[in-house]
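Nothing in this text is a laboratory measurement; each read-out follows from the coordinates by a stated rule. In this text the structure is predicted, and so the values were computed from the model without any measurement. All Cβ positions, even for glycine, are placed from backbone atoms using ideal geometry, and neighbour counts span all protein chains on display.
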Amino acid sequence: MSLYRLDASIRSEGSVSRAIADVVEESWRQGGSDVEVACRHIGLEPLPSNAWALAVSAGGVQASARSSDQRTAVALAATLVDELLGAEALLFAVPLYNFGVSQHLKAWVDLVLTDPRMATGGARPLNGKPAVLVVVRGGAYGPGTPREGWDHASGWIRRILEDVWGLDLRVVETEFTLAGVNPALDQFIDLAAQMRRDAERLAADYGRHLFGV
Ligand SMILES: Cc1cc2nc3c(=O)[nH]c(=O)nc-3n(C[C@H](O)[C@H](O)[C@H](O)COP(=O)(O)O)c2cc1C
């Protein structure tokens, strides 16, 4: 069994998205003895910020005429896609930053989409692959909250993973991860703890989804 895991948090210590993804991964590991996990830490080891533009520009140039930088960017995109195609299941752990998509996740998705195998409207080689998305937010954005509608990341991420790539996706979310850190959120500490427990329970369930149960 093989799993590809992508972490977008910019920190390792105290990362809630990593902790919940760990629960998913651990639950998935219970499903077999011969397990293989490939990880990419795009928040801690970002992709080169110019790779996407180079790969896009390379698309209009004969392979033999590409610059060395273009060839490097195209090869990196191919490596990212190989990683996705080479795993039987996928796990993504993504925080909300500045009400939008993590720049590192956006850079990764953009680069993946430059590879001809992953072109939007193409063959969808990931169609039906089991996947789990862990989303964490420092605040809360549910119906009726003051910031309802301010999470401009989750909808886009789901659009890419489910609708563009066709993954068989399960989503685990938790909020108020800044309760206990930001004093303005102290009144939500208990609620945050409850949300975290619920998310961890769901994460364990969804780990089993990754091996088809
Ligand atoms: C630079 C920065 C910007 C953030 N912006 C938001 C935000 O817009 N909305 C929000 O709910 N939380 C925001 N947060 C809080 C993170 O979503 C929260 O701390 C989350 O737990 C981070 O993921 P991690 O625990 O896996 O590192 C931000 C955190 C950082 C460091």
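Side notes on the structure shown:
- Peptides ranked, highest mean first, by Cβ atoms within 10 Å: ranges 61-71, 177-187: 177-187, 61-71
- Computed from point charges on the beta carbon alone (+1 for Lys and Arg, -1 for Asp and Glu), the dipole magnitude for the range 108-149 about its Cα centre is near 120 Debye.
- Mean Cα-pair separation over length for the chain, i.e. relative contact order, pairs under 8 Å, 6 or more apart, %: 26
- Packing-based ranking, highest mean first, of 29-40, 72-83 given that Cβ atoms within 10 Å are counted: 72-83, 29-40
- Listed residues 49, 27, 16: farthest to the positive end of the dipole of the range 5-50 (Cβ charges): 49
- Note on the chain: with charges restricted to the Cβ of Lys and Arg (+1) and Asp and Glu (-1), its dipole about the Cα centre is near 420 debye.
- Extension gain (nm, one decimal) between residue 184 and residue 64, 0.36 nm per residue minus Cα-Cα: 37.4 nm
- Rounded to 5, percent antiparallel among DSSP beta bridges of the chain: 5
- Sorting 143-154, 109-120 by average packing, meaning the other beta carbons within 10 Å per residue, from highest down gives 109-120, 143-154.
- In the chain, helices alone account for a calculated mean residue ellipticity at 222 nm of -12000 deg cm²/dmol, with every DSSP H run of four or more residues adding -39,500 (n - 2.57).
- Global geometry of the range 1-110, whether rounded, prolate or oblate, following the gyration tensor of its Cα atoms and the 1.5 cut on a/c: oblate
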